[in-house]
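A.B. asks: Below: one structure in structure tokens.
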Amino acid sequence: MKKLTYGMVGGGPESFIGDAHRKAINIDAMATLTAGCFSRTLEKCRITGEQLGVDPQRCYASYEEMAKAEAARPDGIDFVVVVTPNVSHYPVCKAFLEAGIHVSCDKPLCLEVEQAEELARLAKEKGLLFMVTYTYMGHVTAKHIRDYIAAGKLGKIRTVMAEYPQGWLAYEGEWGGKQGAWRCDPKQSGGVNCLGDLGTHVENAVATLTGLKIKRVLAKMDVVVPGRVLDDNDVVMVEYEGGATGVYWTSQFAIGHDNDLRVRIYGENGSILWSQENCEKVTMIQRDGTIIERHRGNGGIEPGAAAYGRLPSGHTEGWLESMGNLYRSFSRCITAKKDGSFTEDMIDYPTVEAGAEGVKFVHACLRSNKEGNIWVDM
Ligand SMILES: NC(=O)c1ccc[n+]([C@@H]2O[C@H](COP(=O)([O-])OP(=O)(O)OC[C@H]3O[C@@H](n4cnc5c(N)ncnc54)[C@H](O)[C@@H]3O)[C@@H](O)[C@H]2O)c1
């Protein structure tokens, strides 16, 4: 497969997730970084560009300039990775779609439902691929659960318990550095903090693993740590189409929890327990109570999921490999687009439509909370 090229918006000095995307893309060496608008100032953009070996001529002062210039080059980037704070996802993604460039954007997709729908429509109209990097759904064990449930082996799902507690914003007067500052700022977060940051992962994880579609939600979104203005603890009751129920919890002050996304799924034939911090294993409990622990790399993993593993069992894979798995599928799809062999069933990554579901979920919860914790249809 010929190596692709990509550009990045965000991921400048002292940022977090941009560097993780670069490392994840490098795992399979399917794409080379050739352009960037890594920061809001050209000076900082060039510092990162120099560190990463990007041609200074392709380090841009703004994402608008980058989209136009890259679209005009015969050797322009194949796709862009958008890793800026949430508030700029919509304009940045829109600029690259309009320039005819495939997009990978981090979650949450954007702030408003109308923006999400517009991005989905634009991608469709232009025939462009659009991935939203819900990182955890790249894990081999997550794909195993998805395929196992889709094959009907768990039977009808009765209820789901899902949670994503963190503890990094537990202390009054501490704002979690640069990353916490914009998450806690309504101007940069769109009037939601914890539920947008963590709840969208929960919504996407349950939707991906179970295939369940949310019918309605009832949310209690609390601002607990003194000094905060946006939610830092959320509890959401969920009813799915078909009658199953769920409870989601997200928190940023749960001291002792690092990055503790967990999903428990209870079906008529048994139960499945999964934790992203222990992502090499899945616990599956049968009808008679027998507890089975399946390990990535061993024979009990669904074959389509197992194919994403890179190392033998016990040689630990983790979060970067999970992100790498999303890029593996995304890169293959772009390559297939280029050589004319692409078909929709090749897509095995979270799409712009999945990202739009997350934005709709957040807005339904915001409305439920504002109107006195009432049930709100999705
Ligand atoms: N998938 C995941 O698990 C995961 C984890 C963490 C963060 N995220 C998401 O990634 C995004 C970035 O989060 P982060 O923690 O890396 O933030 P960050 O503050 O560490 O980094 C943001 C970067 O974007 C740059 N930037 C801001 N506006 C820009 C603009 N207009 N043009 C060019 N560069 C610009 C900043 O200079 C900085 O380098 C957020 O949307 C967040 O929700 C996802």
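The values are calculated or read from the model by the stated rules, or taken from the named source; none is laboratory data. Everything numeric here is computed off the predicted structure, so don't read it as measured data. Neighbour counts are summed over all protein chains in view; Cβ atoms, including those assigned to glycine, are modelled from backbone coordinates with ideal geometry.
A.B. asks: Are any residues in region 34-59 of a type outside the set (D, E, K, R) and more than 9 Å from the ligand (Cβ to nearest atom), and if so, which ones? Step through it out loud before you land on a result.
C.D. replies: We begin by selecting, within region 34-59, every residue of a type outside the set (D, E, K, R); these are 34-39, 41-42, 45, 47-49, 51-54, 56-57, 59.
Within region 34-59, T34, A35, L42, I47, G49, Q51, L52, G53, V54, P56, Q57, C59 meet the criteria.
A.B. asks: Go through (1) under 23 Å from the mean Cα position of the chain (by Cα); (2) surrounded by 15 or more Cβ atoms within 10 Å (Cβ to Cβ); (3) among the hydrophobic types (A, V, I, L, M, F, W, C) one by one and return the number of the condition A307 breaks.
C.D. replies: All conditions are met except number (2).
A.B. asks: Step by step: first the residues of region 1-40, then only those that are among the hydroxyl-bearing types (S, T, Y) and part of a loop (DSSP other than H, G, I, E, B), then the one that is farthest from F79 (Cα to Cα). Which residue is that? Write out each step before concluding.
C.D. replies: Narrowing region 1-40 to residues among the hydroxyl-bearing types (S, T, Y): 5-6, 15, 32, 34, 39.
From what's left, part of a loop (DSSP other than H, G, I, E, B): 15, 39.
Values: S15: 21, S39: 18 Å.
Applying the filter and picking the extreme gives S15.
A.B. asks: Can you tell me which condition K153 does not meet? The list is (1) farther than 26 Å from V362 by Cα; (2) among the charged types (D, E, K, R); (3) buried (at least 21 other Cβ atoms within 10 Å of the Cβ), and all the others hold.
C.D. replies: All conditions are met except number (3).
A.B. asks: Something else about it: With (1) surrounded by 14 or more Cβ atoms within 10 Å (Cβ to Cβ); (2) outside any strand (DSSP E or B); (3) touching a residue at least 40 places away in the same chain (Cβ under 8 Å) as the list, and D258 as the residue in question, which single condition is left unmet?
C.D. replies: Condition (1) is where D258 drops out.
A.B. asks: Please work out which residue is surrounded by the most Cβ atoms within 10 Å (Cβ to Cβ), limiting yourself to region 60-78 and to residues that are of a type in the set (A, V, I, L, M, F, W, C) and away from the ligand (no atom under 13 Å from the Cβ). Steps first, please.
C.D. replies: If we filter region 60-78 for residues that are of a type in the set (A, V, I, L, M, F, W, C), which is where we start, we get 61, 66-67, 69, 71-72, 77.
Narrowing further to those that are away from the ligand (no atom under 13 Å from the Cβ): 69, 71-72, 77.
Details: A69: 17, A71: 15, A72: 9, I77: 28.
Per the stated criteria, the residue is I77.
A.B. asks: Could you tell me whether V82 is in a strand (DSSP E or B), modelled with pLDDT of 95 or more and in the same structural domain as A20 (by TED's automatic domain parsing)?
C.D. replies: yes
A.B. asks: For R146, state whether it is within 19 Å of the chain's Cα centre (by Cα), on the phi < 0 side of the Ramachandran plot, not in a loop (DSSP other than H, G, I, E, B) and not assigned by TED's automatic domain parsing to the domain that holds Y63. I'd like the intermediate steps shown before the answer.
C.D. replies: Numbers: within 19 Å of the chain's Cα centre (by Cα): yes; on the phi < 0 side of the Ramachandran plot: yes; not in a loop (DSSP other than H, G, I, E, B): yes; not assigned by TED's automatic domain parsing to the domain that holds Y63: yes.
When the stated conditions are applied, R146 passes them.
A.B. asks: While we're on this one: Given (1) in contact (Cβ under 8 Å) with a residue 24 or more places away in the chain; (2) in contact with a Gly (Cβ under 9 Å, 6 or more places away or on another chain); (3) away from the ligand (no atom under 15 Å from the Cβ), where does V81 come up short, assuming only one miss?
C.D. replies: It is condition (3) that V81 fails.
A.B. asks: Would you confirm whether or not region 89-104 contains a residue that is part of a loop (DSSP other than H, G, I, E, B), under 23 Å from the mean Cα position of the chain (by Cα), farther than 27 Å from L195 by Cα and among the β-branched types (V, I, T)? Let's see the steps before the verdict.
C.D. replies: Here is the first cut: in region 89-104, the ones part of a loop (DSSP other than H, G, I, E, B) are 99-101.
Those left that are additionally under 23 Å from the mean Cα position of the chain (by Cα): 100-101.
Now narrow it down to the ones that are farther than 27 Å from L195 by Cα: 100-101.
Those still in the list that are among the β-branched types (V, I, T) too: 101.
There is at least one residue in region 89-104 that is part of a loop (DSSP other than H, G, I, E, B), under 23 Å from the mean Cα position of the chain (by Cα), farther than 27 Å from L195 by Cα and among the β-branched types (V, I, T).
A.B. asks: Take region 191-203 and flag every residue that is more than 11 Å from the ligand (Cβ to nearest atom) and part of a loop (DSSP other than H, G, I, E, B). Show your work before the answer.
C.D. replies: Pass one, region 191-203, residues more than 11 Å from the ligand (Cβ to nearest atom): 191-192, 194-195, 199, 202-203.
Across region 191-203, the qualifying residues are G191, V192.
A.B. asks: Could you grab the pairs with beta carbons closer than 6 Å, sequence gap of 6+ or different chains, first residue in region 326-349 and farther than 16 Å from L128 by Cβ, second one assigned to a loop (DSSP other than H, G, I, E, B) and among the charged types (D, E, K, R)?
C.D. replies: R328/D28
A.B. asks: May I pose another question? Let me spell it out: the conditions are (1) in the same structural domain as T34 (by TED's automatic domain parsing); (2) in contact with a Leu (Cβ under 7 Å, 6 or more places away or on another chain); (3) within 10 Å of the ligand (Cβ to nearest atom), and L97 meets all of them except one. Which number is the exception?
C.D. replies: All conditions are met except number (3).
A.B. asks: Here is a further query. When the residues of region 137-151 are filtered to those that are within 15 Å of the ligand (Cβ to nearest atom) and out of contact with any Leu (no Cβ under 6 Å at 6 or more places or on another chain), which remaining residue is nearest to N325 (Cα to Cα)?
C.D. replies: The selected residue is H139.
A.B. asks: Taking region 170-183, which residues are away from the ligand (no atom under 12 Å from the Cβ) and in contact (Cβ under 8 Å) with a residue 40 or more places away in the chain?
C.D. replies: Selection gives A170, Y171, E172, G173.
A.B. asks: Name every residue in region 4-25 that is touching a residue at least 60 places away in the same chain (Cβ under 8 Å) and not aliphatic (A, V, I, L, M), in order of residue number. So that I can check it myself, show each step before the final result.
C.D. replies: Pass one, region 4-25, residues touching a residue at least 60 places away in the same chain (Cβ under 8 Å): 4-11, 14-18, 20-21, 23-25.
T5, Y6, G7, G10, G11, E14, S15, F16, G18, H21, K23, listed by residue number.
A.B. asks: Here's a follow-up. Take residues that are touching a Cys at 6+ places or on another chain (Cβ under 8 Å) and tell me which of the helices (runs of 4 or more DSSP H) falling wholly in region 267-378 contain 1 or more. I'd like the intermediate steps shown before the answer.
C.D. replies: On the way: elements: 303-306, 319-339, 352-370.
Helices (runs of 4 or more DSSP H) meeting the threshold: 319-339, 352-370.
A.B. asks: Still on this structure, I have one more. For region 126-142, state whether one or more residues are at pLDDT 95 or above, surrounded by 21 or more Cβ atoms within 10 Å (Cβ to Cβ), farther than 20 Å from E357 by Cα and in contact with a strand residue (DSSP E or B) (Cβ under 9 Å, 6 or more places away or on another chain).
C.D. replies: Within region 126-142, one or more residues are at pLDDT 95 or above, surrounded by 21 or more Cβ atoms within 10 Å (Cβ to Cβ), farther than 20 Å from E357 by Cα and in contact with a strand residue (DSSP E or B) (Cβ under 9 Å, 6 or more places away or on another chain).
A.B. asks: Same structure, new question: In region 1-17, how many are β-branched (V, I, T), within 6 Å of the ligand (Cβ to nearest atom) and over 13 Å from C105 (Cα atoms)?
C.D. replies: Restricting attention to region 1-17, the residues satisfying the condition of being β-branched (V, I, T) are 5, 9, 17.
Still in the running and within 6 Å of the ligand (Cβ to nearest atom): 9, 17.
From the residues that got through so far, the ones that are over 13 Å from C105 (Cα atoms) too are none.
Count: 0.
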